[in-house]
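Read the structure below first, then the notes.
The values are calculated or read from the model by the stated rules, or taken from the named source; none is laboratory data. Since the model is a prediction, treat every value here as computed from it, not as a measurement. Cβ sites come from the backbone with ideal geometry, for glycine too, and all protein chains shown count toward neighbours. Please note that ligands, DNA and RNA were not included when accessible areas were found on the heavy atoms of the full protein model with its side chains. Shrake-Rupley method; radii C 1.70, N 1.55, O 1.52, S 1.80 Å.
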Amino acid sequence: MSSTEKPLKILIIRLLNLADVAAIGVPALRYFKQQNPSAEFTFLTFSQGAEVIQLAEPDCRVMQLARDQWPEDFIPAMEAFLGLAEQIVGEAYDQIINLDTSFMACFLTRFLKDAGERAMGNYLSISVQELIEQFQKQALKPEYVNQPSAYLESTFSAMHKWFTPWWEAEYLPNEGYPEHFLVTCCGFDRLQMNMSIPVTADKKLTQAGQGKKTIALAGNALPNYPHMQVVKKRLLELGYQVWSEPFTDMPIKEKLEKLAACDLLITPPSELLWLAKTVNCKVLLISGATQPQMIMPDFATDPTGECAACLSQLTGQSPVSPCNCISADEIMKCVDEIFTKHDG
(Lines give C-alpha, C1' and ligand atoms only; values in the text may rest on other atoms or scores of the structure.)
Protein backbone atom coordinates (compact mmCIF):
# COMPACT_ATOMS: atom_id res chain seq x y z
CA MET A 1 0.00 0.00 0.00
CA SER A 2 1.39 3.41 -0.97
CA SER A 3 1.54 6.28 1.50
CA THR A 4 -1.39 7.98 -0.25
CA GLU A 5 -3.73 5.01 -0.09
CA LYS A 6 -6.10 4.72 2.83
CA PRO A 7 -6.02 1.36 4.69
CA LEU A 8 -9.02 -0.91 4.39
CA LYS A 9 -11.56 -0.55 7.19
CA ILE A 10 -12.90 -3.94 8.25
CA LEU A 11 -15.62 -4.63 10.83
CA ILE A 12 -15.94 -8.09 12.41
CA ILE A 13 -19.13 -8.95 14.30
CA ARG A 14 -19.26 -11.57 17.04
CA LEU A 15 -21.70 -10.70 19.81
CA LEU A 16 -23.01 -13.81 21.56
CA ASN A 17 -21.33 -14.79 24.83
CA LEU A 18 -17.92 -14.30 26.35
CA ALA A 19 -16.75 -17.84 25.58
CA ASP A 20 -17.56 -17.41 21.87
CA VAL A 21 -15.64 -14.15 21.67
CA ALA A 22 -12.57 -15.79 23.24
CA ALA A 23 -12.71 -19.08 21.33
CA ILE A 24 -14.05 -17.88 17.96
CA GLY A 25 -13.72 -14.10 17.80
CA VAL A 26 -10.03 -13.91 18.73
CA PRO A 27 -8.78 -16.59 16.27
CA ALA A 28 -10.96 -15.11 13.52
CA LEU A 29 -9.66 -11.60 14.11
CA ARG A 30 -6.08 -12.87 13.93
CA TYR A 31 -6.89 -14.76 10.74
CA PHE A 32 -8.23 -11.66 9.01
CA LYS A 33 -5.36 -9.52 10.30
CA GLN A 34 -2.95 -12.00 8.74
CA GLN A 35 -4.87 -11.83 5.46
CA ASN A 36 -4.99 -8.01 5.55
CA PRO A 37 -1.95 -6.81 7.55
CA SER A 38 -2.37 -3.13 6.65
CA ALA A 39 -6.11 -2.93 7.35
CA GLU A 40 -7.77 -1.09 10.24
CA PHE A 41 -9.94 -3.51 12.21
CA THR A 42 -12.96 -2.85 14.39
CA PHE A 43 -14.60 -5.63 16.40
CA LEU A 44 -18.26 -5.34 17.38
CA THR A 45 -19.01 -7.36 20.48
CA PHE A 46 -21.21 -7.49 23.56
CA SER A 47 -20.51 -6.58 27.19
CA GLN A 48 -17.31 -8.19 28.58
CA GLY A 49 -16.40 -9.52 25.14
CA ALA A 50 -14.85 -6.08 24.59
CA GLU A 51 -12.32 -6.76 27.37
CA VAL A 52 -11.31 -10.03 25.72
CA ILE A 53 -10.60 -8.38 22.37
CA GLN A 54 -8.73 -5.49 23.96
CA LEU A 55 -6.49 -7.89 25.88
CA ALA A 56 -5.91 -10.23 22.95
CA GLU A 57 -5.39 -7.62 20.19
CA PRO A 58 -4.84 -4.17 21.72
CA ASP A 59 -4.45 -2.44 18.34
CA CYS A 60 -7.96 -3.46 17.25
CA ARG A 61 -10.66 -0.87 17.79
CA VAL A 62 -13.61 -2.24 19.78
CA MET A 63 -17.24 -1.28 19.33
CA GLN A 64 -19.04 -2.46 22.45
CA LEU A 65 -22.74 -3.16 22.76
CA ALA A 66 -23.55 -2.76 26.45
CA ARG A 67 -26.15 -4.90 28.21
CA ASP A 68 -28.66 -2.04 28.38
CA GLN A 69 -28.27 -1.50 24.63
CA TRP A 70 -29.72 -4.95 23.84
CA PRO A 71 -33.32 -4.98 25.12
CA GLU A 72 -34.98 -8.33 25.75
CA ASP A 73 -38.24 -7.34 24.06
CA PHE A 74 -38.34 -7.84 20.29
CA ILE A 75 -39.40 -4.38 19.04
CA PRO A 76 -37.05 -2.37 21.31
CA ALA A 77 -34.22 -4.73 20.31
CA MET A 78 -34.96 -4.15 16.61
CA GLU A 79 -34.98 -0.39 17.17
CA ALA A 80 -31.66 -0.57 19.06
CA PHE A 81 -30.01 -2.59 16.31
CA LEU A 82 -31.34 -0.31 13.58
CA GLY A 83 -29.69 2.57 15.43
CA LEU A 84 -26.50 0.53 15.58
CA ALA A 85 -26.77 -0.12 11.83
CA GLU A 86 -26.94 3.62 11.15
CA GLN A 87 -23.79 4.08 13.22
CA ILE A 88 -22.01 1.34 11.25
CA VAL A 89 -23.06 2.80 7.90
CA GLY A 90 -21.64 6.14 9.01
CA GLU A 91 -18.26 4.53 9.60
CA ALA A 92 -17.95 3.62 5.88
CA TYR A 93 -16.38 0.20 6.28
CA ASP A 94 -14.87 -1.46 3.22
CA GLN A 95 -15.88 -4.91 4.49
CA ILE A 96 -18.26 -6.15 7.20
CA ILE A 97 -17.97 -9.77 8.36
CA ASN A 98 -20.68 -11.28 10.56
CA LEU A 99 -19.46 -14.42 12.32
CA ASP A 100 -22.44 -14.41 14.67
CA THR A 101 -25.42 -16.76 14.42
CA SER A 102 -27.82 -14.97 16.80
CA PHE A 103 -31.02 -13.54 15.38
CA MET A 104 -30.27 -9.88 16.09
CA ALA A 105 -26.76 -10.07 14.61
CA CYS A 106 -28.21 -11.63 11.45
CA PHE A 107 -30.95 -8.97 11.46
CA LEU A 108 -28.27 -6.28 11.64
CA THR A 109 -26.26 -7.82 8.79
CA ARG A 110 -29.34 -8.20 6.58
CA PHE A 111 -30.14 -4.52 7.04
CA LEU A 112 -26.54 -3.59 6.18
CA LYS A 113 -26.59 -5.81 3.06
CA ASP A 114 -29.88 -4.32 1.89
CA ALA A 115 -28.49 -0.82 2.53
CA GLY A 116 -25.69 -1.55 0.05
CA GLU A 117 -22.91 -2.26 2.52
CA ARG A 118 -20.32 -4.86 1.57
CA ALA A 119 -21.30 -7.48 4.13
CA MET A 120 -20.43 -11.16 4.23
CA GLY A 121 -21.17 -13.99 6.63
CA ASN A 122 -24.49 -14.77 8.30
CA TYR A 123 -27.71 -12.81 7.75
CA LEU A 124 -31.51 -13.15 7.83
CA SER A 125 -33.20 -15.06 5.04
CA ILE A 126 -35.84 -12.32 4.58
CA SER A 127 -35.49 -8.55 4.29
CA VAL A 128 -35.99 -6.30 7.29
CA GLN A 129 -39.03 -4.79 5.56
CA GLU A 130 -40.61 -8.23 5.13
CA LEU A 131 -39.82 -9.07 8.75
CA ILE A 132 -41.56 -5.92 9.98
CA GLU A 133 -44.57 -6.55 7.75
CA GLN A 134 -44.94 -10.11 9.03
CA PHE A 135 -44.70 -8.88 12.60
CA GLN A 136 -47.34 -6.19 12.02
CA LYS A 137 -49.67 -8.76 10.44
CA GLN A 138 -49.00 -11.16 13.34
CA ALA A 139 -47.76 -13.65 10.75
CA LEU A 140 -44.23 -13.94 12.11
CA LYS A 141 -43.80 -17.45 13.48
CA PRO A 142 -41.96 -17.80 16.82
CA GLU A 143 -39.71 -20.53 15.42
CA TYR A 144 -38.41 -18.10 12.79
CA VAL A 145 -37.01 -15.89 15.53
CA ASN A 146 -35.91 -18.68 17.86
CA GLN A 147 -34.45 -21.32 15.53
CA PRO A 148 -31.31 -20.46 13.54
CA SER A 149 -32.15 -23.19 11.02
CA ALA A 150 -35.27 -21.17 10.14
CA TYR A 151 -33.78 -17.68 9.80
CA LEU A 152 -30.09 -18.07 8.99
CA GLU A 153 -28.58 -17.68 5.53
CA SER A 154 -24.89 -17.18 4.86
CA THR A 155 -22.32 -16.27 2.27
CA PHE A 156 -20.21 -19.04 3.81
CA SER A 157 -21.08 -21.96 1.54
CA ALA A 158 -20.57 -24.65 4.20
CA MET A 159 -22.51 -22.98 7.03
CA HIS A 160 -25.16 -25.71 6.70
CA LYS A 161 -22.68 -28.05 8.39
CA TRP A 162 -23.22 -26.05 11.58
CA PHE A 163 -26.57 -27.82 11.92
CA THR A 164 -25.16 -31.35 11.62
CA PRO A 165 -24.00 -33.67 14.47
CA TRP A 166 -20.40 -33.08 13.42
CA TRP A 167 -19.06 -34.34 16.79
CA GLU A 168 -20.08 -37.88 15.78
CA ALA A 169 -17.67 -37.90 12.84
CA GLU A 170 -14.58 -40.12 12.79
CA TYR A 171 -12.13 -37.25 12.49
CA LEU A 172 -12.64 -34.35 14.89
CA PRO A 173 -11.00 -30.92 15.04
CA ASN A 174 -8.35 -30.55 17.75
CA GLU A 175 -10.06 -27.52 19.28
CA GLY A 176 -13.62 -28.83 19.08
CA TYR A 177 -16.55 -26.58 18.23
CA PRO A 178 -14.66 -23.30 17.58
CA GLU A 179 -12.39 -24.95 15.03
CA HIS A 180 -15.33 -26.73 13.40
CA PHE A 181 -17.22 -23.44 13.11
CA LEU A 182 -14.37 -21.38 11.70
CA VAL A 183 -12.55 -23.89 9.53
CA THR A 184 -15.36 -26.16 8.35
CA CYS A 185 -18.48 -23.96 8.44
CA CYS A 186 -16.90 -20.61 7.56
CA GLY A 187 -14.29 -22.15 5.26
CA PHE A 188 -11.23 -20.49 6.81
CA ASP A 189 -9.02 -23.46 5.93
CA ARG A 190 -5.76 -21.56 6.50
CA LEU A 191 -6.76 -20.40 9.96
CA GLN A 192 -4.52 -21.18 12.93
CA MET A 193 -6.58 -21.71 16.09
CA ASN A 194 -4.69 -19.18 18.18
CA MET A 195 -6.91 -18.07 21.05
CA SER A 196 -4.06 -17.25 23.46
CA ILE A 197 -4.26 -14.05 25.50
CA PRO A 198 -1.02 -12.75 27.06
CA VAL A 199 -1.41 -12.04 30.77
CA THR A 200 0.86 -12.35 33.80
CA ALA A 201 -0.11 -15.01 36.32
CA ASP A 202 -1.62 -13.60 39.51
CA LYS A 203 1.31 -13.01 41.91
CA LYS A 204 -0.53 -13.67 45.15
CA LEU A 205 -1.98 -16.94 43.91
CA THR A 206 1.38 -18.01 42.49
CA GLN A 207 3.24 -17.23 45.71
CA ALA A 208 0.62 -18.92 47.90
CA GLY A 209 0.80 -22.05 45.77
CA GLN A 210 4.58 -22.48 45.77
CA GLY A 211 5.38 -26.15 46.12
CA LYS A 212 1.74 -27.10 45.51
CA LYS A 213 -0.51 -27.76 42.57
CA THR A 214 -3.12 -25.02 42.25
CA ILE A 215 -6.62 -26.03 41.15
CA ALA A 216 -9.40 -23.67 40.12
CA LEU A 217 -12.99 -24.70 40.77
CA ALA A 218 -15.91 -23.24 38.80
CA GLY A 219 -18.23 -23.22 41.79
CA ASN A 220 -20.86 -20.84 40.44
CA ALA A 221 -20.93 -21.97 36.81
CA LEU A 222 -24.26 -22.83 35.24
CA PRO A 223 -25.26 -25.60 34.97
CA ASN A 224 -23.91 -26.09 38.46
CA TYR A 225 -22.07 -29.16 39.73
CA PRO A 226 -23.68 -29.91 43.11
CA HIS A 227 -20.73 -31.68 44.75
CA MET A 228 -18.13 -28.96 44.15
CA GLN A 229 -17.83 -28.05 47.83
CA VAL A 230 -17.09 -31.67 48.67
CA VAL A 231 -14.42 -31.73 45.98
CA LYS A 232 -12.93 -28.52 47.38
CA LYS A 233 -12.76 -29.98 50.90
CA ARG A 234 -11.09 -33.15 49.64
CA LEU A 235 -8.54 -31.21 47.57
CA LEU A 236 -7.59 -29.02 50.54
CA GLU A 237 -7.20 -32.10 52.75
CA LEU A 238 -4.75 -33.53 50.20
CA GLY A 239 -2.65 -30.38 50.21
CA TYR A 240 -3.73 -28.75 46.96
CA GLN A 241 -4.07 -25.00 46.68
CA VAL A 242 -7.64 -24.18 45.61
CA TRP A 243 -8.98 -21.02 43.99
CA SER A 244 -12.77 -20.87 43.94
CA GLU A 245 -13.67 -17.21 44.47
CA PRO A 246 -16.95 -15.94 42.99
CA PHE A 247 -16.01 -14.72 39.52
CA THR A 248 -19.31 -13.73 37.94
CA ASP A 249 -18.58 -9.97 37.91
CA MET A 250 -14.80 -10.20 38.13
CA PRO A 251 -12.95 -8.19 35.45
CA ILE A 252 -11.79 -10.43 32.61
CA LYS A 253 -8.12 -9.57 33.07
CA GLU A 254 -8.29 -10.61 36.71
CA LYS A 255 -10.01 -13.89 35.81
CA LEU A 256 -7.34 -14.66 33.25
CA GLU A 257 -4.51 -13.80 35.65
CA LYS A 258 -6.01 -16.14 38.26
CA LEU A 259 -6.44 -18.95 35.75
CA ALA A 260 -2.88 -18.43 34.46
CA ALA A 261 -1.64 -19.14 38.00
CA CYS A 262 -3.55 -22.45 38.14
CA ASP A 263 -2.41 -25.89 37.03
CA LEU A 264 -5.94 -27.20 36.44
CA LEU A 265 -9.51 -25.95 36.16
CA ILE A 266 -12.36 -28.25 37.18
CA THR A 267 -15.60 -27.08 35.62
CA PRO A 268 -18.86 -28.12 34.02
CA PRO A 269 -19.32 -26.66 30.50
CA SER A 270 -18.91 -22.92 31.12
CA GLU A 271 -17.23 -19.78 29.81
CA LEU A 272 -14.35 -20.35 32.25
CA LEU A 273 -13.36 -23.43 30.25
CA TRP A 274 -12.61 -21.34 27.17
CA LEU A 275 -10.94 -18.59 29.20
CA ALA A 276 -8.67 -21.25 30.72
CA LYS A 277 -7.68 -22.35 27.23
CA THR A 278 -6.58 -18.79 26.40
CA VAL A 279 -3.97 -18.85 29.21
CA ASN A 280 -2.92 -22.50 28.79
CA CYS A 281 -4.53 -23.70 32.02
CA LYS A 282 -5.46 -27.37 31.65
CA VAL A 283 -9.14 -28.29 32.01
CA LEU A 284 -10.96 -31.20 33.59
CA LEU A 285 -14.49 -31.08 32.19
CA ILE A 286 -17.36 -32.40 34.28
CA SER A 287 -19.22 -33.45 31.16
CA GLY A 288 -22.79 -33.93 32.40
CA ALA A 289 -25.01 -34.00 29.31
CA THR A 290 -22.29 -32.55 27.05
CA GLN A 291 -20.28 -34.74 24.69
CA PRO A 292 -16.60 -33.97 25.49
CA GLN A 293 -15.60 -34.22 21.82
CA MET A 294 -17.61 -31.06 21.18
CA ILE A 295 -15.23 -29.13 23.42
CA MET A 296 -12.04 -31.22 23.34
CA PRO A 297 -10.86 -30.41 26.88
CA ASP A 298 -7.57 -31.77 28.18
CA PHE A 299 -9.43 -34.22 30.42
CA ALA A 300 -13.10 -35.12 30.86
CA THR A 301 -15.44 -37.30 32.87
CA ASP A 302 -17.81 -39.64 31.09
CA PRO A 303 -21.13 -38.00 30.12
CA THR A 304 -23.97 -38.70 32.58
CA GLY A 305 -26.87 -37.03 30.79
CA GLU A 306 -29.14 -34.36 32.23
CA CYS A 307 -29.52 -34.56 36.00
CA ALA A 308 -33.24 -34.28 36.80
CA ALA A 309 -32.53 -33.50 40.46
CA CYS A 310 -30.23 -30.56 39.62
CA LEU A 311 -32.57 -29.21 36.96
CA SER A 312 -35.50 -29.27 39.37
CA GLN A 313 -33.47 -27.37 41.97
CA LEU A 314 -32.50 -24.74 39.41
CA THR A 315 -36.20 -24.08 38.78
CA GLY A 316 -36.96 -23.88 42.50
CA GLN A 317 -38.67 -27.26 42.71
CA SER A 318 -38.00 -30.13 45.06
CA PRO A 319 -36.01 -32.95 43.46
CA VAL A 320 -38.20 -35.84 42.35
CA SER A 321 -35.27 -38.18 41.74
CA PRO A 322 -31.79 -38.69 43.20
CA CYS A 323 -28.84 -36.78 41.76
CA ASN A 324 -27.07 -38.71 39.00
CA CYS A 325 -24.11 -36.31 38.63
CA ILE A 326 -20.67 -37.88 38.71
CA SER A 327 -19.53 -38.36 42.30
CA ALA A 328 -16.85 -36.40 44.13
CA ASP A 329 -14.91 -39.68 44.42
CA GLU A 330 -14.74 -39.95 40.63
CA ILE A 331 -13.54 -36.35 40.34
CA MET A 332 -10.80 -37.04 42.86
CA LYS A 333 -9.72 -40.13 40.92
CA CYS A 334 -9.43 -38.00 37.80
CA VAL A 335 -7.33 -35.39 39.62
CA ASP A 336 -5.03 -38.10 40.97
CA GLU A 337 -4.54 -39.57 37.48
CA ILE A 338 -3.86 -36.13 35.99
CA PHE A 339 -1.12 -35.26 38.46
CA THR A 340 0.45 -38.71 38.75
CA LYS A 341 0.19 -40.24 35.28
CA HIS A 342 0.21 -37.15 33.07
CA ASP A 343 2.64 -35.05 35.12
CA GLY A 344 4.92 -38.01 35.62
request  = Averaging sequence separations of C-alpha pairs under 8 Å and six or more residues apart, then dividing by the length of the chain, give the relative contact order as a whole percent.
outcome  = 13
Under 14 Å from K277, Cα to Cα: aspartates and glutamates that are on another chain or at least 8 residues apart = D20, E175, E179, E257, D263, D298
message = What value in Å³ per residue do you get for the convex hull of the alpha-carbon atoms in the stretch 172-267?
response = 144
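How large, in Å, is the stretch 1-104 by the Kirkwood hydrodynamic radius built from its alpha-carbon pairs? Don't skip to the answer; put the middle values down first.
Details: mean 1/r = 0.0698 Å⁻¹.
Computed over Cα pairs of the stretch 1-104, the Kirkwood hydrodynamic radius comes out at 14.3 Å.
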query = the stretch 73-106 to the stretch 138-207: how many Å between their Cα centroids?
reply = 20
message = Kirkwood hydrodynamic radius, computed over distinct alpha-carbon pairs, for the stretch 58-153: how many Å, to one decimal?
response = 14.0
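Would you list H180, H160 from the most to the least accessible area, probe 1.4 Å?
On the way: H180 10, H160 110 Å².
Most to least solvent-accessible, the answer reads H160, H180.
So for the stretch 154-216, what are the equivalent ellipsoid semi-axes in whole Å, largest first, each being the square root of 5 times an eigenvalue of the Cα gyration tensor?
Numbers: eigenvalues 276, 43, 16 Å².
So the three semi-axes of the stretch 154-216 are 37, 15, 9 Å.
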request  = Averaged over every viewing direction, what's the projected area of the C-alpha convex hull for the stretch 184-236? Give it in nm², one decimal, please.
outcome  = 6.9
Rg and Dmax of the chain, Cα atoms only, in Å = 21.9, 71
task = Kyte-Doolittle cut-off -1.0, length cut-off 20 Å along the helix's own axis using Cα: show which whole DSSP H helices in the chain pass.
result = 74-91
inquiry  = In Å², and per residue, what accessible area does the chain have when probed at 1.4 Å with the other protein chains present?
reply    = 50
key: Protein accessible area in the chain, 1.4 Å probe - carbon and sulfur %   = 48
request  = Select from the stretch 62-162 those trypsin sites (Lys or Arg not before Pro) which occupy a DSSP coil region and have at most 13 other Cβ atoms within 10 Å, ordered by residue number.
outcome  = R118, K137
